[in-house]
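Please treat every number below as a calculation from the coordinates, not as lab data. On a predicted model such as this, the values are computed, not experimentally measured, just so you know. In this analysis, Cβ positions are derived from the backbone assuming ideal geometry, glycine residues included, and neighbour counts consider all displayed protein chains.
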Ligand SMILES: *Cc1c(COP(=O)(O)O)cnc(C)c1O
């Protein structure tokens, strides 16, 4: 079986975890600080606050950017549910904009349509889905015109670049996940990146019970802290993430080359000047063949998955909140056709050939 995802954990991770255990300080401490510095450095951000996971990173960023109960926040319905749930946690209201059919990222034209209609949109969360940056140029233009907070959900996009700018540093804040299947991991973990010192200071307080000094608290905060044990893994992962990213890009290139003549498959599209880091290598399977192809691949030992089989406004949770079907037809169509294939750095050249050959052997 060629797995869809495979975390890479080795000697260095073990060595650093042992150091943490020997130090006796297994909760938050200097390994967390070191991981923060290293993650800020590889991401070219001024500040980084690491926290317990990507979901709490999003929650923290929204709160640090002043999102309050009743505020409206635009986002995409074609993402992991944590993106929009983080809006609900703040008591704010998610408004779903449709996606671009080629990039699967939020469509700035759809965002503007909403901005023209809805008053008091406080923020937009754009998601760099699968590791492909959103159209940040257009989103920044809208930000200037309509004045909103721009938060990047970069949970799938460590080190991705939009025209030489690393994602997570382009909007007001960028949120990352270090869950086991992400491009780099700490088991569970997350980070908020920002170049704004106020957002940095507030985020740091929010994840630590609103603490300003030892047992001095002037706001409601949470316990969203990361542990030294997790940070130890993160430090080791930071040392390799640049290499792994290159391997993902090289694997994706081989897959796209090998699959370019397969009539029923549309390989990932990367706009000029964007660096896609392929958290997922997701193709569009045409002619209604997606589910049949997925079963065939699994039967033939190739891990694959659907990201995502249902748009968020059609999830029971959101339906019960009053969201209607057919709100975002482009996203709804994508949910029926996308299929993610293995692209992770542990794949061998033979694995990649097997994936290509197996797909080419599929009988409609
Ligand atoms: C993984 C992910 C999250 C949530 O991250 P966790 O660490 O699992 O909480 C949020 N948004 C997107 C797009 C993700 O892929």
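A few comments on the model shown:
- Within segment 57-74, being under 16 Å from the mean Cα position of the chain (by Cα) and either away from the ligand (no atom under 16 Å from the Cβ) or under 23 Å from residue 310 (Cα atoms) (or both) holds for 58, 59.
- Scope segment 37-55; condition touching a strand residue (DSSP E or B) at 6+ places or on another chain (Cβ under 6 Å) and either within 11 Å of the ligand (Cβ to nearest atom) or closer than 23 Å to residue 83 by Cβ (or both); matching residues: 39, 40, 43, 45, 47, 48, 49, 50, 51, 53, 54
- Scanning segment 182-193 for residues that are more than 9 Å from the ligand (Cβ to nearest atom) and under 17 Å from residue 34 (Cα atoms) yields 184, 185, 186, 191, 192, 193.
- Residue count for segment 111-148 under the criterion of being part of a helix (DSSP H, G or I), surrounded by 24 or more Cβ atoms within 10 Å (Cβ to Cβ) and touching a helix residue (DSSP H, G or I) at 6+ places or on another chain (Cβ under 8 Å): the result is 2.
- Selection within segment 149-166 - within 22 Å of residue 103 (Cβ to Cβ), crowded, with 21+ Cβ neighbours inside 10 Å and touching a residue at least 40 places away in the same chain (Cβ under 8 Å): 151, 153, 155, 156, 157, 158, 159, 160, 162, 166
- Contact map, segment 302-326: first residue at positive phi, second residue surrounded by fewer than 16 Cβ atoms within 10 Å (Cβ to Cβ), Cβ cut-off under 9 Å, separation 6 or more or different chains; the map is empty.
- Considering segment 155-175, and only residues there that are touching a helix residue (DSSP H, G or I) at 6+ places or on another chain (Cβ under 6 Å) and part of a strand (DSSP E or B), the residue that is nearest to residue 137 (Cα to Cα) turns out to be 162.
- Among the residues of this structure, residue 152 does not count as one that is part of a helix (DSSP H, G or I) and either away from the ligand (no atom under 16 Å from the Cβ) or within 10 Å of the chain's Cα centre (by Cα) (or both).
- Conditions (1) in a helix (DSSP H, G or I); (2) within 20 Å of the chain's Cα centre (by Cα): number failed by residue 353: (2)
- Any chance residue 298 is surrounded by fewer than 18 Cβ atoms within 10 Å (Cβ to Cβ), in contact with a helix residue (DSSP H, G or I) (Cβ under 9 Å, 6 or more places away or on another chain), without any contact (Cβ under 8 Å) to a residue 12 or more places away in the chain and outside any loop (DSSP other than H, G, I, E, B): no
- The residues listed here are 221, 234; of these, the one that is without any contact (Cβ under 8 Å) to a residue 60 or more places away in the chain and over 22 Å from residue 135 (Cβ atoms) is 221.
- Tabulated pairs, segment 82-94, first touching a residue at least 40 places away in the same chain (Cβ under 8 Å) and closer than 13 Å to residue 57 by Cβ, second within 12 Å of the ligand (Cβ to nearest atom) and not in a strand (DSSP E or B), C-beta under 6 angstrom, 6+ apart or interchain: 82/55
- Residues of segment 242-268 classified as closer than 26 Å to residue 336 by Cα and either part of a helix (DSSP H, G or I) or under 18 Å from the mean Cα position of the chain (by Cα) (or both), total: 12
- 1 or more residues closer than 23 Å to residue 160 by Cα: qualifying helices (runs of 4 or more DSSP H) within segment 1-74: 30-43, 54-64
- The residues listed here are 104, 179; of these, the one that is within 13 Å of the ligand (Cβ to nearest atom) and either within 22 Å of residue 238 (Cβ to Cβ) or surrounded by fewer than 22 Cβ atoms within 10 Å (Cβ to Cβ) (or both) is 179.
- Residue in segment 239-251 that is over 30 Å from residue 37 (Cβ atoms) and buried (at least 17 other Cβ atoms within 10 Å of the Cβ) present: no
- Restricted to segment 75-99, and to residues there that are assigned to a loop (DSSP other than H, G, I, E, B) and within 16 Å of the ligand (Cβ to nearest atom), the residue that is farthest from residue 285 (Cα to Cα) is 90.
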